[in-house]
Amino acid sequence: MHIEIGILSQDKIAYASAAASALLGAHAMGLLKSPTAWLRTALAAFFFSLLMQAWHLPVGPSELHLVGAMPIYLLFGFVPTLFGFGLGLLVQALVFEPQDLAHLAINFLSLAVPLVVTHHALGRRMQRLSVANVLKLDAVYYAGVTLMVGFWLSISSDAAPVADWALFAASYASLVAVEPLLTIALLLGARRLRGSRWLAACIDERTLQRVTAPGAGAARTTAA
């Protein structure tokens, strides 16, 4: 989902920066009003960065990353995940790839806009969290990521061929196949630790209370 440096003009980067700031500003109260949300944001940023650095592969005009978006979203909530993406990308740029600071807003929007759409269209309305429903969340989210990459390429000065973008889009099918298994495993693992005081501050236990074994049905979640 990273966009190569130099293919977007400075005015478009400025517009993206303004849009990213507006998006974070619109959700800032959800973060500021809850100290536990600060902790969950830090945890979301940490696990996001860990997964991103653990595995990434150049594909077509961008890169395929193990983002871990849905397990992070379902465990830590919407607002912490939103800010965790921004914080994680900032830390990665400062520590590993300083050149990515130029496209910080671009890369953030590539992850954040699909998250907002997924949350409002499916996540907060989903009453049962089954493997099938997690697949739906992943499919919508990663379809959004690939569309965002396509959008940036479409307004760039050096747009990649459609075939290259299609290769990148198809590569995300592997994440949609693998990530739901990771999500369910982490939710079930966290549920086994339910009741711990420290866990209550890190993860919304109302979510864990609704998690059941895949064979026994599904789980409810608010992912708020």
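The values are calculated or read from the model by the stated rules, or taken from the named source; none is laboratory data. Remember, it's a predicted structure, so these values are computed and weren't measured experimentally. We place every Cβ from the backbone using ideal geometry, glycine too, and count neighbours over all the protein chains shown. All accessible areas refer to the heavy atoms of the entire protein, side chains included, with ligands and DNA or RNA removed. Shrake-Rupley method; radii C 1.70, N 1.55, O 1.52, S 1.80 Å.
Quick look at the numbers
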{"quantity": "The range 66-98: number of residues that are part of a loop (DSSP other than H, G, I, E, B) and without any contact (Cβ under 8 Å) to a residue 24 or more places away in the chain", "calculated": "1"}
{"quantity": "Yes/no for Ser130 being farther than 11 Å from Met70 by Cβ, of a type in the set (Ser, Thr, Tyr) and modelled with pLDDT of 80 or more", "calculated": "no"}
{"quantity": "Qualifying residue in the range 210-223 (condition: under 16 Å from the mean Cα position of the chain (by Cα), under 26 Å from Val113 (Cβ atoms) and modelled with pLDDT under 70)", "calculated": "yes"}
{"quantity": "Options Leu57, Leu89, Leu66, Leu50; residue that is at pLDDT below 90, at negative phi and open to solvent by less than 50 Å² (accessible area, probe 1.4 Å)", "calculated": "Leu66"}
{"quantity": "Only listed residue being modelled with pLDDT of 90 or more and either in contact with an Asp or Glu (Cβ under 8 Å, 6 or more places away or on another chain) or part of a helix (DSSP H, G or I) (or both), chosen from Ala121, Ala163", "calculated": "Ala121"}
{"quantity": "Tally, over the range 122-181, of residues that are in contact with a Lys or Arg (Cβ under 7 Å, 6 or more places away or on another chain) and either of a type in the set (D, E, K, R) or open to solvent by less than 60 Å² (accessible area, probe 1.4 Å) (or both)", "calculated": "4"}
{"quantity": "Residue among Leu101, Leu24 that alone is at pLDDT 85 or above, assigned to a helix (DSSP H, G or I) and open to solvent by less than 70 Å² (accessible area, probe 1.4 Å)", "calculated": "Leu24"}
